[in-house]
Each structure stands twice: as structure tokens, then as C-alpha cells.
1. Calculate one ³J(HN,Hα) per residue across the stretch 120-128 by plugging θ = phi - 60° into the Karplus curve 6.51 cos²θ - 1.76 cosθ + 1.60, and present them in order as whole Hz with x for glycine and proline.
2. Given a 1.4 angstrom probe, what's the average accessible area per residue across the stretch 16-157, in square angstrom?
3. Provide the gained length on full extension for the span Glu73 to Leu54, in nm with one decimal, where the gain is 0.36 nm per separating residue minus the Cα-Cα distance.
4. Listed highest first by mean packing, meaning other Cβ atoms within 10 Å per residue, what order do 23-35, 41-53, 87-99, 149-161 come in?
5. Which distance in nm do the two modelled labels at Ala35 and Ser199 give, with both placed 7 Å along the Cα-to-Cβ direction?
6. Describe numerically, in nm with one decimal, the distance between label points set 7 Å from Cα along Cα→Cβ at Ser138 and at Val46.
7. Between Val175 and Val146, what FRET efficiency follows from the Cβ-Cβ distance if R0 is 25 Å, with the result rounded to 0.05?
Amino acid sequence: MTAQRRQPRSRPETLARRRDILDAAVEIFGSKGFAGGTLQEIADQVGMTHAGILHHFGSKDQLLIEVLQHRDETDVADLEEQHIPDGMPLFRHLVRTAFLNAHRAGIVQAYAVLSAESVTAGHPGRDFFEKRYRTLRSEVAHAFEVVCAERGITAPDTIGYASTSILAVMDGLQVQWLLDPTAVDLARASEFAIEAIVSAVLSPTPSPLADGADESVQPSRSTV
């Protein structure tokens, strides 16, 4: 008697299984970091073997990269062409993302932990985060340039500082929120910061920090 040949798993089932693994990896990496979280823990969470995880992703490093890519894809899933917008819609998108993040602590925690870990030597996510921040800084700076052109004003030299600051504030607020969500309103604080930075670029005013300050330590007007 010959054994019945097993039918190959359909593509939808495979995609669903990969999604389950990614979700489990987000939780494990978010709570234990990349180095501390193991493939066996991820496998146990989805009812698979260690070899089964490797069958889908090839290696732990590759799983990490796909976790990070999956996180970014969720941010633009509802956007036209699944790509971050330009001009003023970009800043509105960043605010909406902050409101969305306030309801998905798990993936925010994974991102915060993994981005911090990526600064260490040899971390497999370092290239991803370097490229991600470089790309985001460029996209935010270009959005500022578009808005300035639409309003008929010359793009100021504060754009570079503003682009870096928006990303830093959003990520920093996420860390504060994760540590004490009852003390930090992630969505509203992010909205306030983004609006303040955009306004500082488009409608600059004299710095209040300069009032009565020592000349030797006054901030440069190009950076405020």
C-alpha cells in the first residue's frame, strides 16, 4: 500500500503562517531584544519547531530584517501606493502614525528595543536602521521644501535640524510612553512637537531662550 502524498500547503496558508511567526517575533524581540530572544521561544509561541522557523525565514538575522520591514509596511498600508506622502500630508501622516502607535504597544516596544540595540557593533539590524533614518530625514526635509515652495518662501537652513528633530522627538516620546504610559500621552505630545517644529521652520520667531542669556551660551538662530 502506498502512502498518500501530502499536498503542498497553499500560498494563503503559508502567508498566514509567516504572519504568525512575525507577530511572535515582534513580541519576543520586543520583550527580550534580538540577542536575548531565541528562535525556539518564537517557535514555541506559534506551535512550530526551530527548524520550521528556519524553513520560512532561513535565519534569525533574516527574520529580524523581515520583522523590521513588516513594521514599516504597516505604517503605510492604508496609504495610496503604500508610500509615505510628501509636503504637508507627510506631517499629517506622522501625527496619524503617533495616534496609531498609541494603540499598538507591542510593535512600538519591539522597534524601540531593536533600534537601540542596532547601535552596537555587529548587530544585524544596523544597516536597516541607518538606511531608514537616512531615508526618513531626506523625505521629511523634502516635504519641508515642498511646503515652502507652495507658500512662496525660501526654504530656511533650519530644515535639516527640523527633520532630524521630528524623528528624534517621535522616537524619544515612544520610549517615555513605554516606560510610563499613564504619564505620557504619546499621541498628543507627538502632535504638539511636530506642529511646533513645523511652525518653527515656516514661521520663525525670535527665540525666547535668548532673553537674558549669556552671550557665550546663546543658541544660534540657525538652530532654534
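The values are calculated or read from the model by the stated rules, or taken from the named source; none is laboratory data. Please read these numbers as outputs of a predicted model, since none were measured by experiment. Glycine also receives a Cβ, built like all others from the backbone with ideal geometry; neighbour counts cover every protein chain displayed. Note: areas computed on protein heavy atoms with side chains; ligands, DNA, RNA excluded. Shrake-Rupley method; radii C 1.70, N 1.55, O 1.52, S 1.80 Å.
1. Once rounded to whole Hz, the list reads 7, 4, x, 5, x, x, 4, 4, 4.
2. 51 Å²
3. Extra length from Glu73 to Leu54 when fully extended: 4.6 nm.
4. Peptide ranking by packing, descending: 23-35, 87-99, 41-53, 149-161.
5. 4.3 nm
6. That separation, rounded to one decimal, is 3.2 nm.
7. After rounding, the FRET efficiency stands at 0.25.
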